[in-house]
Amino acid sequence: MHSLSDNRHDDNDTSDQPKGRTTSTSKFKITMGVLISLLVLGAIISAVLLLNNDDGGTSYNEGNSYKWNDWSPWQPCPVTCGSAKQNRTRTCNMVKGECQGPHSETRDCSASVRCPVWDDWSDWQPCPVTCGSGVGVQLRTRSCNTTEVACQGPNRETQNCTASPSLPCPTAPVCFEPYTTLSESYRRESVRGRKPYNCDPDKLDFTSWYRFNLTTGENGILDHCPRRDTCGTRFPVWMNDSHPEQFGAIKLVTMYGSSKGASSDNCFWKSGSARVTKCNVTGDIFYLYQLWRPTIRNCGASYCTRTYDIP
């Protein structure tokens, strides 16, 4: 009887039950703590990644990740003068999705040299024809505002002009005075000089006025450098100047003796001054010269001529 009672008491004994419940509760708390820690850690990682979402970092956007590569160097300024724009670019190192932000940037740039610009044209020079019905040429010029880069286009312009109003032209008094006409055919540039050379210093009076009027049309002194041994002499004399354009004016010009040859380009061997005027005597238009006496050893110097269309 006693044994049965003791066994039944053992079956109904619950003294150990609180201890088992305490163990289960502890395990549950540990599991929940780990889960909460993981969630917090995940939140921290997400926050850090979001804070790193800039041009150079890795960014996440709704599950997509991407990264910008470094900016390229700025392109060279595309102009050699003045100002312009220059660009630089970057590429997206895409894992998936698309990078946010611009692929290129633009900024102002300028060259170290300012662009050339023409200044305004000058006024036209006065027309050299102040009387009669002749036609002259007048000039105007302009300057480039920089010497570092050349301006495009001409720096001078010319135009024809006439006297306004058209007035009769006065004529120098010497045009009506006696003068000497020289018509020797050897004065042409095409005539070779041979000994004995023609010698004007032995023939001419250099205080008088002379007119050149060859039968072949030559009517004035040559205005470019001839070769030696032409114009019928050893050292031909030529005029390194222009004739006067206005009637009545007497112009001082420079004459040269030329020794230009195969081994020499000396067009200015000897020089001196002469005077020339433009005459209009009852419609006969011509040049008169008061000549320079060439001082050349053993003579061998004569004036060389050419044909002019005298306006």
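Observations
- Filtered residue count, the range 72-107, keeping only those that are touching a residue at least 40 places away in the same chain (Cβ under 8 Å) and under 25 Å from the mean Cα position of the chain (by Cα): 2
- Restricting attention to the range 191-208, the residues being within 13 Å of Tyr303 (Cα to Cα) and touching a residue at least 24 places away in the same chain (Cβ under 8 Å) number 10.
- Contacts under 7 angstrom Cβ, first residue in the range 230-251 being closer than 15 Å to Ser185 by Cα, partner modelled with pLDDT of 90 or more and among the charged types (D, E, K, R), 6 or more apart: Thr230/Glu189; Thr230/Arg192; Cys231/Arg187; Cys231/Arg188; Cys231/Glu189; Gly232/Arg187
- Counting only strands (runs of 3 or more DSSP E) wholly contained in the range 169-282, the ones carrying 1 or more residues that are in contact with a helix residue (DSSP H, G or I) (Cβ under 8 Å, 6 or more places away or on another chain) and of a type in the set (Phe, Trp, Tyr) occupy 210-212.
- The set of residues in the range 35-87 that are modelled with pLDDT under 65 and in a loop (DSSP other than H, G, I, E, B) comprises Asn52, Asn53, Asp54, Asp55, Gly56, Gly57, Thr58, Glu62, Gly63.
- Among residues of the range 96-129 being surrounded by 12 or more Cβ atoms within 10 Å (Cβ to Cβ) and touching a Phe, Trp or Tyr at 6+ places or on another chain (Cβ under 9 Å), the one that is farthest from Cys151 (Cα to Cα) is Gly97.
- For Ser183, the test of being more than 44 Å from the chain's Cα centre (by Cα), outside the structural domain of Asn160 (by TED's automatic domain parsing) and either more than 21 Å from Arg275 (Cβ to Cβ) or touching a residue at least 24 places away in the same chain (Cβ under 8 Å) (or both) is passed.
- Residues of the range 261-311 that are touching a Pro at 6+ places or on another chain (Cβ under 7 Å) and buried (at least 17 other Cβ atoms within 10 Å of the Cβ): Lys270, Val276, Thr277, Lys278, Pro294, Cys299, Ala301, Ser302, Cys304.
- Selection status of Arg140, within 37 Å of the chain's Cα centre (by Cα) and either aliphatic (A, V, I, L, M) or at pLDDT 90 or above (or both): yes
- Tally, over the range 283-311, of residues that are touching a residue at least 24 places away in the same chain (Cβ under 8 Å) and in a strand (DSSP E or B): 11
- Checking the stated criteria, Asn280 turns out to be under 30 Å from Asn160 (Cα atoms) and not β-branched (Val, Ile, Thr).
- Condition broken by Thr215, with the remaining ones in (1) surrounded by fewer than 16 Cβ atoms within 10 Å (Cβ to Cβ); (2) under 14 Å from Ser190 (Cα atoms) satisfied: (2)
The values are calculated or read from the model by the stated rules, or taken from the named source; none is laboratory data. Since this is a predicted model, take the numbers as computed values, not measurements. Quick reminder, even Gly has a Cβ in these numbers, built from the backbone with ideal geometry, and neighbours come from all protein chains shown.
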